[in-house]
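Some notes on the structure that comes next.
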Amino acid sequence: MGNTKRDELTRDYLRELDRRLASLPRGRRRQVRGEVQAHIEEACRQLAPEDEAGVRQLLDQLGEPEEIAREAGADLHRRTWPEALVPVLLLFGGFVFLVGWLAGVAILWASPVWRLRDKVLGTLVVPLGLMGVTMFGLLPGASSECLTYGPVGGRMVTHCKGLPPTVGTLILLVLVVASFTVAIHLDRVRRRA
Amino acid sequence: MDATLSTLRRMIPGTDSNWEAQLRRGVVEYCVLAALRSRERYGFELARSLGAPGGLLMGEGTVYPLLARLRQRRWVETTWRESEDGPPRRYYRLTEQGTQALAAFEQGWGQFRTAVDQALEEGG
């Protein structure tokens with residue numbers, strides 16, 4: 001593609017289409033966008049290279065990008081808006097008197113966007129989200145408490161109970177990563193729906 | 001859920017007044033299915049045959065989101081095929097489900113058309 005008037009018209013058209021289709025799930029958006037582009041390219045092959053009027057006519061026949069987007073259902077409210085909140089609610093809702101997390105779970109189970117597997121995953125990894133992780137971190141056994149006393153025989157003695165510090169930190173880290181991973185997974189599934 | 005939504009829409013004045021667009025919207029996807037009955041076709045072909053002025057589409061381009069929807073519903077399936085004069089093309093083909101949907105529509109449409117014709121004649 002060079003920089004002829006014809007390329008410019010086509011580029012403007014596709015750019016406008018992209019803008020209008022932006023709220024669609026990625027798979028659908030790509031298919032529609034790809035097909036429209038293929039349509040323009042095929043129609044252009046039947047035209048002389050400098051036939052500007054021909055390009056205008058073909059874009060006219062193709063219809064307004066707005067019309068295509070409307071047919072694609074790219075309306076503002078078709079987006080799954082309560083579902084969009086779920087990852088955030090599951091992660092952070094626990095800090096809002098736990099109610100936020102419960103609301104997230106309620107939407108998760110009520111929505112047709114996710115399969116059973118996703119719903120179970122979203123609920124159990126991790127219960128109460130990051131609030132759950134924090135509570136785990138505060139459990140008496142989760143991190144070690146050390147008591148140093150002495151000197152006994154000329155040395156200070158340290159006694160620790162609970163998990164060794166590295167193991168406790170590791171578990172916390174795994175829980176945090178798992179929470180975020182599940183939240184991102186749920187969001188991806190929603191976008192594909 | 002869908003029923004509630006359409007009831008709500010009917011309650012908002014003006015949103016349901018464009019009967020032609022509404023009707024077209026409900027019917028045109030079956031016309032796309034019908035166009036695929038005899039053989040598989042690629043998008044450009046379908047757009048040109050259904051998008052003729054005064055035809056069923058609001059513009060050739062609207063056939064593409066429609067096809068995407070039919071595909072998501074598994075009424076059509078697609079295959080990429082090489083073409084002689086350009087990049088590969090995505091061909092659309094009716095599935096068993098699509099064939100059944102089309103048959104059901106044809107039957108219902110016949111009855112609907114008769115009922116509307118009768119209502120219009122009796123009313124006049």
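Bear in mind these aren't lab numbers, they're just calculated from the coordinates by the rules spelled out. Here the structure is a predicted model, which is why all the values come from computation and not from measurement. So basically every Cβ, Gly included, is an ideal-geometry build from the backbone, and we count neighbours across all protein chains shown.
The overall shape of segment B:50-103, judged from the alpha-carbon gyration tensor, is oblate: a/c is not under 1.5, and a/b is no greater than b/c. Across segment A:5-78, the mean sequence separation of Cα contacts (distance under 8 Å, 6 or more residues apart), normalised by length, yields a relative contact order of 51 percent.
In this Cβ point-charge picture (+1 for Lys and Arg, -1 for Asp and Glu), segment B:28-123 has a dipole of about 420 debye about its Cα centre. Between A:LEU173 and B:GLN107, the modelled label-to-label distance comes to 6.4 nm, taking each label 7 Å out from Cα in the direction of the beta carbon. Here's how it looks for B:VAL76: its modeled amide H is under 5 Å from those of B:ARG71, B:THR95, which are all 5 or more places away or on a different chain. What net charge do the residues around A:GLY122 carry, taking every other residue with its C-beta under 14 Å from that of A:GLY122, with Lys and Arg at +1 and Asp and Glu at -1? Spelling it out: positives minus negatives among the neighbours equals +2.
Compute the separation of the alpha-carbon centres of segment A:26-96 and segment B:35-100 and state it in Å as a whole number. That distance is 17 Å.
Sparsely packed loop sites in segment A:113-193 (the chymotrypsin sites (Phe, Trp or Tyr not before Pro) outside DSSP H, G, I, E and B with at most 13 other Cβ atoms within 10 Å) do not occur.
Think of each Lys and Arg Cβ as +1 and each Asp and Glu Cβ as -1; about the Cα centre, that makes the dipole of segment A:82-192 roughly 300 debye. Taking Cα atoms, how many degrees apart are the long axis of helix B:2-11 and the longest axis of chain B, rounded to 10 and kept between 0 and 90? So the inclination is approximately 50 degrees.
Within chain A, the whole DSSP H helices whose Cα atoms reach 30 Å or more along their own axis and whose mean Kyte-Doolittle score is at least 1.0 are A:165-192. For B:TYR42, the residues whose modelled amide H falls within less than 5 Å of its own, excluding neighbours fewer than 5 places apart on the same chain, are B:TYR92.
When the helices in chain A are scored as -39500 (n - 2.57) per DSSP H run of 4 or longer and the sum is shared across all residues, what 222 nm value do you end up with, to the nearest 500 deg cm²/dmol?
Taken over chain A, the calculation gives -20500 deg cm²/dmol.
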